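The values are calculated or read from the model by the stated rules, or taken from the named source; none is laboratory data. Please read all numbers here as calculations on a predicted model, not as lab measurements. When we count neighbours, we look across all protein chains shown, and the Cβ atoms used for this are built from the backbone with ideal geometry, even at glycine. These area figures cover heavy atoms from the full protein model, side chains too; ligands, DNA and RNA do not enter into them. Shrake-Rupley method; radii C 1.70, N 1.55, O 1.52, S 1.80 Å.
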Amino acid sequence: MDPILNPYAPGAGTPPPEMAGRDAVRQKMHLCIERLRRGRPAKSMMLIGLRGVGKTVLLDQMMRDAEASGVVAIRIEAPEGRSLPATLAPQLRLGLLKLSRTEQAKEVAIRGLRALAGFVGKMKLTYDDIEVGLDYEPEPGLADNGDLEGDLTMLLEQVGYAAKEASTLIAIFIDELQYVPESQMAALISALHRCAQLNLPLVLVGAGLPQLRGRMGEAKSYAERLFDFAEIGALDESDASSAIVKPAHSEGVEIEEDAVSLIVNYTKGYPYFLQEWGKHTWDVARASPITRSDVETASTEAVAALDESFFRVRFDRLTPKEKKYLRVMAELGGGPHRSGDIAAKLGRESSSLGPVRSSLISKGMIWSPTHGDTAFTVPLFDEFMRRIMPGEEWAQSDT
Ligand SMILES: Nc1ncnc2c1ncn2[C@@H]1O[C@H](COP(=O)(O)OP(=O)(O)O)[C@@H](O)[C@H]1O
Ligand SMILES: [Mg+2]
């Protein structure tokens, strides 16, 4: 089939040709926005799931949905190694500038920009990575105490008031939220809590790996009650089939039923894998309809492509010690595994593995579903580890 017309879209954050199985979450967001717009309480949302399940593309879609209904939306990605104030401040500024263009909100939005100036001035002392253009002089006493929790609260309150004056809503979208360090997370949650108490039209939609839920609870014990946690996972059989079939149909191409089932089978319904299989199957097939044997031929290439991209980028960031730990986990299977079993397999004491475990957690490679358990954050990573480190040599290496 003509590769130029290939509709499938494997990639990090690459919008899929068909956003399958996410209508319920989008509907929930719609409900949340419409309630807030009418001054009714509604919880902020957290999209939680493993790598490659489609959190980023869903977050972006929800942002477009929100904007289409007149919401002022800002979006950031919490990067590893940068502070939340540094990434948030420039976007809050843009949001406030937008709000200040509405006549009846102008004054309040400008006060928000003064709060931002005060906030940035003080936070610079702690977070020297903040860089943001300032449009107004700070107002003494407004978000400038130098304490992140208090100042961020005051700042977001001002943003909320400005949105209220403009008769709109402001939605803050944050991807990779699990990378935000605990004290900054606590400040963010506390600020949102205050805005909710004041019934302000401000909402957060976050996305992150499964460990996010626990991390938010550790930062603030009431976080569980403040947010709606939506588990984003593999697609069920019917949605996974749609993700493959609909894009083909849009191009006037048929795909046989048993070909679709085989793709769903290989990918276990994981969105990233579906796109990769769809893409390679399309390129392999000579003509419509696409058959089961096309899928079989394409599978080798799909696996190779995954190994080279999706899995490889994660593997390359690991130290030898970390690789060995994950390889041992893979030897035990898909998981989750008891941390004690992993230690036993390594011939070590659990306690001596604390450092390697915590660095793997902070790199977002593993997480702990329940106390004493360890699981991969990347689906099918165990199979990849067995492919990339075959045999028994890894077990001998002394790390
Ligand atoms: N609902 C969906 N249906 C079909 N494909 C999807 C869906 N969600 C995501 N994808 C595809 O999965 C891949 C990974 O999406 P991404 O949003 O980067 O995942 P995450 O942020 O969870 O790691 C992309 O290629 C995207 O096109
Ligand atoms: Mg993502």
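Need pairs with beta-carbon distance below 8 Å; first residue farther than 19 Å from Thr14 by Cα and within the stretch 267-287, second part of a loop (DSSP other than H, G, I, E, B) and within 16 Å of ligand 2 (Cβ to nearest atom); sequence gap 6+ or separate chains.
From residues that are farther than 19 Å from Thr14 by Cα, the pairs are Lys268/Ala234; Lys268/Pro379.
Among the helices (runs of 4 or more DSSP H) confined wholly to the stretch 166-244, which include 3 or more residues that are of a type in the set (Asp, Glu)? Show your work before the answer.
Working: elements: 182-197, 211-219, 223-226.
In the stretch 166-244, no matching helices (runs of 4 or more DSSP H) lie anywhere.
Residue by residue, here is whether (1) under 20 Å from Val57 (Cβ atoms); (2) open to solvent by 10 Å² or more (accessible area, probe 1.4 Å) holds:
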| residue | (1), (2) |
| --- | --- |
| Ala243 | yes, no |
| Glu254 | no, yes |
| Asn265 | no, yes |
| Pro271 | yes, yes |
| Lys279 | yes, yes |
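Can you find, within the stretch 23-62, the residue that is most open to solvent (accessible area, probe 1.4 Å) among those that are away from ligand 1 (no atom under 16 Å from the Cβ) and aliphatic (A, V, I, L, M)?
Pass one, the stretch 23-62, residues away from ligand 1 (no atom under 16 Å from the Cβ): 30-44.
From what is left, the residues that are aliphatic (A, V, I, L, M) are 31, 33, 36, 42.
Numbers: Leu31: 103, Ile33: 6, Leu36: 18, Ala42: 35 Å².
Applying the filter and picking the extreme gives Leu31.
If a residue has to be assigned to a helix (DSSP H, G or I) and either modelled with pLDDT under 95 or more than 16 Å from ligand 2 (Cβ to nearest atom) (or both) to count, how many in the stretch 8-39 make the cut? Give the steps one after another, and end with the answer.
The initial filter retains those residues of the stretch 8-39 that are assigned to a helix (DSSP H, G or I), namely 23-37.
Filter once more, so that each one left must be either modelled with pLDDT under 95 or more than 16 Å from ligand 2 (Cβ to nearest atom) (or both): 23-24, 26-37.
The number of residues fulfilling the criteria is 14.
Hey, among the residues in the stretch 65-75 that are open to solvent by 60 Å² or more (accessible area, probe 1.4 Å) and more than 16 Å from the chain's Cα centre (by Cα), which one's farthest from ligand 2 (Cβ to nearest atom)? Working first, answer last.
Residues of the stretch 65-75 open to solvent by 60 Å² or more (accessible area, probe 1.4 Å): 67-68, 75.
Narrowing further to those that are more than 16 Å from the chain's Cα centre (by Cα): 67-68.
Working: Glu67: 20, Ala68: 22 Å.
Only one residue fits best here, namely Ala68.
For the stretch 40-54, enumerate the residues that are basic (Lys, Arg) and either within 13 Å of ligand 2 (Cβ to nearest atom) or on the phi > 0 side of the Ramachandran plot (or both).
As a first pass, look at the stretch 40-54 and keep what is basic (Lys, Arg): 40, 43, 51.
Within the stretch 40-54, Arg51 is the sole residue that qualifies.
Any chance the stretch 57-67 includes a residue that's among the small types (Gly, Ala, Ser) and more than 30 Å from Glu276 (Cβ to Cβ)? Break it down stepwise before answering.
Here is the first cut: in the stretch 57-67, the residues among the small types (Gly, Ala, Ser) are 66.
So of that shortlist, the ones also more than 30 Å from Glu276 (Cβ to Cβ) come out as none.
No, every residue in the stretch 57-67 fails to be among the small types (Gly, Ala, Ser) and more than 30 Å from Glu276 (Cβ to Cβ).
Consider Leu88 carefully, then state whether it is closer than 25 Å to Ile232 by Cβ, of a type outside the set (Ser, Thr, Tyr) and within 16 Å of ligand 2 (Cβ to nearest atom). Full working, then the answer.
Working: closer than 25 Å to Ile232 by Cβ: yes; of a type outside the set (Ser, Thr, Tyr): yes; within 16 Å of ligand 2 (Cβ to nearest atom): no.
Against the criterion (closer than 25 Å to Ile232 by Cβ, of a type outside the set (Ser, Thr, Tyr) and within 16 Å of ligand 2 (Cβ to nearest atom)), Leu88 does not qualify.
Tell me which residues, restricted to the stretch 182-224, are touching a residue at least 60 places away in the same chain (Cβ under 8 Å), touching a helix residue (DSSP H, G or I) at 6+ places or on another chain (Cβ under 7 Å) and polar (S, T, N, Q).
Across the stretch 182-224, the qualifying residues are Gln184, Gln211.
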